[in-house]
Each structure stands twice: as structure tokens, then as C-alpha cells.
Amino acid sequence: MTVVPLAIAVDPRYCRRRHQFSLFISHDPWFRPMAIQAARKYPNLAEYYQKNATKFWDNFYKRHKNKFFKDRHYLEKDWGQYFSDDANSANVKVLLEVGCGAGNTIFPLIAAYPELYVQACDISPHAIALVKSHAEFKEDRVNAFLCDVTVDNLLERINPSSVDVITLPDGYVLLRDYAIGDFAQVKLENKNQMISEGFYVRGDGTCSFYFSEDFLSTLFFQAGFNTVDISTYCKQIKNSHKNITMDRRWVRAVFKNLE
């Protein structure tokens, strides 16, 4: 089987930067005891949440299972050209998803693209178990495995020639994540739950990063990738039950190896 390296979907849980922050006090009463305990043990709070990321995200998936995130059918519209089959080629397209969660990206894509093969990893054992227990999981379409790409050797789990977009010129990185100015960021900032610029911790200990276009373009250029396309998508969502309007913002980007 010949494979074409296609994409890496990057999860913010793996964006581990050296944040310098000594202490913050949250206005969330449930969250405050955990923050104070963390501050006593770790002068740098970012280090605490990064070191315990597996525990916090595993608890998240134990609690929410596959009910928290919706299936990402919009990826077909946004990036369908990267997943669709080439009628003139016998190559199989391979997608690597870093931070696959419960499979909300995997299963819509393999349903829409019968020839697509997905390598999927996550730091949460419970998330991987949810993927493998899904009714549509098939081993000949999906390889789901536990991996923290910030510390583990990814190439010990997958074939280096299949999805190594860092060395192969035909590979792309596809990224869609929270953008600065998002409703959730503003809410966390108002609760004083910012660890450092762009980096926030939620009440359950899981973290999120809010990206700007300039930050991402510079980050990937320094790693050897050219920006093919980047934009910020904005959408107003009204919650009638709570009588609030939420300004949601996501950054969408495509990067390609410079080599």
C-alpha cells in the first residue's frame, strides 16, 4: 500500500510553551482550592497543568464520554480537497490527528471518504477507549493509540514514511482552533483564570490556548512550514435559555512543508 502523508490536526493540549507566571487567584469558588494547592507545589502554574494534563483530560472524558463535542462535519466543507480521493492515483491518503478525543473528527471523515485511513492519538486513555468502542470503529480504517507527542516518540507508533509531514514535501498541517477574542476566552479572563498570554485554565483543570493569525504563522514558519491559507471565522450564537449572545471565534489554517 502506498500512502500519501496528508495532514496533522493539532490539538492545543500539545502546545507546551515556557509560560512565566507565579500566582493567580480565580473568582470561581469551585476552582480556587485547586489553584491554591497547585501554586503551593509549583511556582510556575503552567508547569503544574502541563504535567497533569493527562489526568485532567482523562477525567474530562470519563465524565463527559463522547457527549461534549459535536461531530465535526464542517471539515468536509472547509478542507474536503485534502481528504478526497484522486481518481488518477492509486495512493491511499493518510490523516494523522493529534488529540483525537472521542473521535468527533475521525468518524465523520471515514464515513465521507471511504479510502481515507486515520492515525489517531490522544493523551487520555479513556478517550482512546471511547474511539475503539465506537460502533463505526474498524481497525482497517483507524489506528487509535495513546501518545503524548510532546514527550513520546511518535515514530515508534506509526510508519515514518506514512505521515511524517516534517520531512515529506507533500504533507499538510490543517489546524482549526480557538482564536483570540472568543467568548470562552473573555469569560475565563473575567474569572481571572489566565495563566499567561493566550493560555487559560478551566475549572476542571483542562487548559485552552487562544491563537492569533500572526502567532500561528510565525510559529509554523519557525518550524519550517509555509502558510498556505489562514483566516479567522466568527459566528454569533444566541443562547435563548440563558438570554446571552456569544461571539465565537476560530482560527483556520493550512500549512505546508517548506522543503
With respect to Asp214, determine if the residue is part of a strand (DSSP E or B) and either within 21 Å of Gln81 (Cβ to Cβ) or without any contact (Cβ under 8 Å) to a residue 24 or more places away in the chain (or both). no
Checking Gly103 against (1) without any contact (Cβ under 8 Å) to a residue 60 or more places away in the chain; (2) farther than 30 Å from Gln236 by Cα; (3) crowded, with 22+ Cβ neighbours inside 10 Å, only one condition comes out false. Which one? (2)
Does at least one position in the stretch 170-193 carry a residue that is exposed (fewer than 14 other Cβ atoms within 10 Å of the Cβ), closer than 30 Å to Glu115 by Cβ and of a type in the set (Phe, Trp, Tyr)? no
Among the β-branched types (Val, Ile, Thr) and farther than 17 Å from Val251 by Cα, is that true of Thr206? yes
In the stretch 134-158, anything closer than 22 Å to Tyr113 by Cβ and not basic (Lys, Arg) is listed as His134, Ala135, Glu136, Phe137, Glu139, Asp140, Val142, Asn143, Ala144, Phe145, Ile158
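Here's the yes/no breakdown for (1) open to solvent by 60 Å² or more (accessible area, probe 1.4 Å); (2) within 28 Å of Glu156 (Cβ to Cβ); (3) in contact (Cβ under 8 Å) with a residue 60 or more places away in the chain; (4) not hydrophobic (A, V, I, L, M, F, W, C):
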site	(1), (2), (3), (4)
Asn52	no, yes, yes, yes
Ser84	no, no, no, yes
Leu96	no, yes, yes, no
Ala112	no, no, no, no
Val131	no, yes, no, no
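The values are calculated or read from the model by the stated rules, or taken from the named source; none is laboratory data. Just so we're clear, the structure is a prediction, and the values are computed from it rather than from any experiment. Glycine also receives a Cβ, built like all others from the backbone with ideal geometry; neighbour counts cover every protein chain displayed. These accessible areas exclude ligands, DNA and RNA; they are computed on the full protein's heavy atoms, side chains included. Shrake-Rupley method; radii C 1.70, N 1.55, O 1.52, S 1.80 Å.
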